[in-house]
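Structure, as structure tokens:
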């Protein structure tokens, strides 16, 4: 959702423009009663300049139009009360809480944890583990006894036999984890794995999943990242006559004969996530991909461009091609990335503890007399209500700087948590412990409430999300959903623009491909003699893969077909296509035709939305007066 909202804020940028410092506070433009300073404009303009793809958007006048349109939409959203809706308030609150966590951390502790994370990123551990899960605290002791028992067996028994007898995939897990490095496991597990010597088994430890023991099999320097392209033929095929293993071998033979890996991946790979890029995958390291044989095969390729033999994974048959290999980057290059990861995982609790210590020192705190407070309660049951007379509960209990918290605030805090209090707990100890929690909460609450004034970067990011969320909501109501629901308008737009909505012409039949033109001449002659595809394949491919067949419907813009060609029924001529040759036996031709409204509905909606938005912007420009100080604008370019 956040990525969508950021994209909605601005899908454009520009060359950096700058104004003198003295102009930053001046009003560059106004939209109705809202004044926009030079600084406000520049912050958004320069921040997004790297995102621009359309060169026309780099023009300052075009940019201004888009910027003003953006501000007009926000103006209308607030005028219509979108910022008061419960759904908006809830989502904005959730994002604000996430952002606050990133800005309320101890830098020194963070640096130590980042250094540790880097050391664990350049090394990796191979391990096996046993996990005993439990549902409640009452089950915890039984789970601990069970993990102690299993640890003894884990140390002394063969892993395979232990897994066979104990692993049930529900409450007990016995698993081989392979190699992993930092951030691949929860922090407690990572700590145990990296701190346990090779060949030894850890003592039981607890994570949010249950009790574990981990056996370390090996430690080694990380292999870094590898990037490969691959061609995948899925294990399951719609065409029952296509045998995945045979097809991958056909493709492998074509590659050995010089065919383009990129072209074959685009045309034949079943991995749609990478086929459009010629099979190129994102870089990955140990533990990033669930198939161990795939990862091992990738790292075994040593020379750029080297090909693997066909391999089979749980997904299908693959051929890999090495694109690049890269070691772990130097610390300084990935420091910021590691910081973000540290702040997002369990390490953040350590950071919070240290941050609390600093807040205690930073702010002026007036604390209560807890003994005096405790004496006002005579109770044996801590779960009963914590109540005092109004004359007492309205008194000041805690003060952080100028922020006051009353006794009533602390009583509400106690009552909210009373069900978790144990009856055996001493009253004074209970109050002291809960006060620690209360003080911690209020210190961080105070820090968060004042952060928007203390940190400009935080304030700007929060504003971006706030505006992006409003823009998303109003665009959804006014344009996207409105267009979809306006059936009469859609049909009228389709009627007025029917020539825009046509199908793509296609041919049906058999296409044969080879990098040897002479082989296609043989195919052509055999077809003319009435030979079947199967007979032709058996004859020509008897010793090596020289040709490859594809059957079905082919739209004219299909990359398998030569472009700008007038096809006719029957056996075609032989066409040169990239580094290969193709020939077709066409059984039917389907011309382009005007689509029905239902068949073109998606495209009609998209274009109709553009029309609605254009009309809406015109209306907003009339409703809200826009004034631009061109003198200030031009003075800074």
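Every read-out reported here was derived from the displayed coordinates using simple, explicitly stated rules and does not represent laboratory data. Keep in mind that what you see is a predicted model, and the values were worked out from it rather than measured. Note: ideal-geometry Cβ built from the backbone for every residue, glycine included; neighbour counts use all protein chains shown.
Results, tabulated for the structure shown:
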{"read-out": "With Cα atoms, 0 to 90° folded angle of helix 60-79 axis to the chain main axis", "value": "50"}
{"read-out": "Additional length obtainable on full extension of the chain from residue 139 to residue 593, 0.36 nm per residue less Cα span", "value": "156.6 nm"}
{"read-out": "Inter-centroid distance (Cα atoms) of region 540-598 relative to region 242-268, Å", "value": "17"}
{"read-out": "Ranked 311, 404, criterion: other C-beta atoms within 10 Å, fewest first", "value": "404, 311"}
{"read-out": "Taking the C-alpha atoms of region 496-637, convex hull volume expressed per residue in Å³", "value": "202"}
{"read-out": "Projected label distance in nm at residue 395 and residue 329, using a 7 Å step from Cα toward the beta-carbon", "value": "5.8"}
{"read-out": "Near-label residues of region 550-591 by backbone N, under 20 Å of a point 7 Å along Cα→Cβ of residue 256", "value": "580-581"}
{"read-out": "Correct option for Rg and Dmax of the Cα atoms in Å [calculated from the coordinates] among (i) 37.9, 137; (ii) 33.5, 107; (iii) 29.1, 86", "value": "(ii)"}
{"read-out": "Cβ-Cβ FRET estimate between residue 361 and residue 235, R0 fixed at 56 Å, reported to 0.05", "value": "0.35"}
{"read-out": "Degrees, to the nearest 10: 348-362 long Cα axis against longest axis of the chain", "value": "40"}
{"read-out": "Difference of contour (0.36 nm per residue) and Cα-Cα distance, residue 487 to residue 108", "value": "130.5 nm"}
{"read-out": "Mean-position separation - Cα centroids, region 148-221 and region 390-454, in angstrom", "value": "41"}
{"read-out": "Mean separation of Cα contacts under 8 Å, 6 or more apart, over the residue count of the chain: relative contact order %", "value": "16"}
{"read-out": "Pairwise label distance in nanometres, residue 532 with residue 568, each label 7 Å out on the Cα-Cβ vector", "value": "2.9"}
{"read-out": "Label point 7 Å beyond Cα of residue 388 along Cβ direction - residues of region 395-419 with amide nitrogen under 12 Å", "value": "395-398, 406-412"}
{"read-out": "0 to 90° range, to nearest 10: angle between helix 427-454 axis and the chain longest Cα axis", "value": "60"}
{"read-out": "For region 506-590: span of alpha carbons on each principal axis (Å, largest first)", "value": "35, 28, 18"}
{"read-out": "Inter-probe distance in nm under a simple model that places probes 7 Å from Cα toward Cβ, at residue 625 and residue 456", "value": "3.2"}
